[in-house]
Amino acid sequence: MQEATFHHNFNLFLEKLELNADVTGHKAPMELTQTVGKGTIRRCSPRLDMELVVSDYTFHQRRTIDFVATVPMVELTCCFRGGREVQASGVRHEIVPGHFSLQLLKPGEAHFEFTANEQFTMLGIGIPVSTFHYFMEEPDGRRSVDFADLLGPHSFRAFQARMNPVAVFKLTQLMQGIQSGSMRNIEMECAVLDLWMLALRTFFEDRHDPSVSLNRDEIAKIKRARQIMLEHMAEPPSLLQLSHMIGMNDYKLKMGYKEMYGTTVFGDLREQRLDQALHLLQVGGNSVTEVSCAVGYSNPSYFAEAFRKKYGCNPGTLVRNRLFS
């Protein structure tokens, strides 16, 4: 008898929706039956230790799914529309639109609740615990984040955080590629790994390694320095000015910032400027020149070059897409 894998958890969930859950790896959408609701679920497995489930459906009536996981796993969910509640280990979790949710589960019961007549659109990316641990390995082989430590005595735990503009951009591209059926497995895998990286940084980048040389007061000052830079990204202070503002010498600030965030003060600022620019171009009514000035680029051509290097498209393309959408 073949040992069950994390894919089996998805099979069990889909069976509760009266769907054929015997096949993994296919990309054809599965239609909900008329008695259940309307919409589709699409499963993809770009590699053996990874499964994607794209959900886009509406239930006719409020629905509760009683689910019993049989295999430990980790799932990253990216919710676009609608929401759902998960009750497990005596705790109720609400999954809301515009957020990442990192869910860890081991064998046990969970209850999923969906409202009636509300469109629910979400991407779920499941991996086994061994792959999660591989993702979390440090260069020296240590693992600062462990599945069992995060889960503790519970059978289910969820972390949730708002998706930043970069994540929304990458998620939209991935969803469009999956739904069109045009993505090769290698393209899908690269896009998924990008999302995992962004999500794991969101959840764990502020976890401070006790082996580094910063004390609690210094950590708080460096966090404040980052906040100051984000609040004044159009006209940021110099490194020396910033060090005076937080009461720390510039060398300690420079080294401590690198220790905490894995980059330099101005390297981080550059990334945050481009993230903010992406957001403004997608949802605002500003031109490329106005956006470049708003995030601190005095030269629109230099801004366009930096934007294109990071996102693979010209900022003007996003403005045109916004105008004609």
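The values are calculated or read from the model by the stated rules, or taken from the named source; none is laboratory data. Remember, it's a predicted structure, so these values are computed and weren't measured experimentally. Because the Cβ atoms are built from the backbone with ideal geometry, glycine has one as well, and the counts that use them run over all protein chains shown.
A compact table of results
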| item | result |
| --- | --- |
| Cross-chain or 6+ apart pairs with Cβ under 6 Å, the stretch 286-311 first and assigned by TED's automatic domain parsing to the domain that holds Q272, then surrounded by 21 or more Cβ atoms within 10 Å (Cβ to Cβ) and assigned to a loop (DSSP other than H, G, I, E, B) | F303/Y297 |
| All positions within the stretch 1-60 that are of a type in the set (D, E), modelled with pLDDT under 90 and assigned to a loop (DSSP other than H, G, I, E, B) | E3, E18, D22 |
| Condition broken by G256, with the remaining ones in (1) closer than 26 Å to T172 by Cα; (2) touching an Asp or Glu at 6+ places or on another chain (Cβ under 7 Å) satisfied | (1) |
| Hits in the stretch 278-291 (condition: under 19 Å from the mean Cα position of the chain (by Cα) and modelled with pLDDT of 80 or more) | L278, H279 |
| Number of positions in the stretch 176-204 that are closer than 25 Å to M30 by Cβ, surrounded by 15 or more Cβ atoms within 10 Å (Cβ to Cβ) and of a type in the set (A, V, I, L, M) | 6 |
| Qualifying position, being closer than 22 Å to S45 by Cβ and either outside any strand (DSSP E or B) or out of contact with any Pro (no Cβ under 7 Å at 6 or more places or on another chain) (or both), among L150, L104 | L104 |
| Among residues of the stretch 106-123, those that are out of contact with any helix residue (DSSP H, G or I) (no Cβ under 8 Å at 6 or more places or on another chain) and either β-branched (V, I, T) or buried (at least 19 other Cβ atoms within 10 Å of the Cβ) (or both), counted | 6 |
| Selected residue (criterion: modelled with the lowest pLDDT) from residues of the stretch 90-105 that are hydrophobic (A, V, I, L, M, F, W, C) and buried (at least 17 other Cβ atoms within 10 Å of the Cβ) | I95 |
| Unique match (being without any contact (Cβ under 8 Å) to a residue 12 or more places away in the chain and aliphatic (A, V, I, L, M)) among L14, L48 | L48 |
| Residue check for Q241: under 24 Å from F204 (Cβ atoms) and surrounded by fewer than 13 Cβ atoms within 10 Å (Cβ to Cβ) | no |
| Filter result for Q87 (surrounded by fewer than 20 Cβ atoms within 10 Å (Cβ to Cβ), among the polar types (S, T, N, Q) and modelled with pLDDT under 90) | yes |
| Residue list for the stretch 128-147, restricted to those being assigned to a strand (DSSP E or B) and in contact with an Asp or Glu (Cβ under 6 Å, 6 or more places away or on another chain) | R143 |
| Among (1) aliphatic (A, V, I, L, M); (2) at pLDDT 90 or above; (3) not in a helix (DSSP H, G or I), the one test that L193 misses | (3) |
| Entirely in the stretch 241-325, the helices (runs of 4 or more DSSP H) that have 2 or more residues that are closer than 30 Å to D217 by Cα | 250-261, 265-283 |
| Top-ranked residue of the stretch 212-223 - restricted to ones that are in a helix (DSSP H, G or I) and more than 24 Å from the chain's Cα centre (by Cα), ranked as surrounded by the fewest Cβ atoms within 10 Å (Cβ to Cβ) | R216 |
| Pair list, Cβ < 8 Å and 6+ apart or interchain, from the stretch 142-161 residues that are closer than 16 Å to V86 by Cβ to residues that are at pLDDT below 85 and in a loop (DSSP other than H, G, I, E, B) | H154/S89; S155/S89; F156/S89; R157/S89; Q160/V96 |
| Filter result (over 30 Å from G126 (Cβ atoms), touching a helix residue (DSSP H, G or I) at 6+ places or on another chain (Cβ under 9 Å), modelled with pLDDT under 80 and not small (G, A, S)) within the stretch 196-226 | V212, L214 |
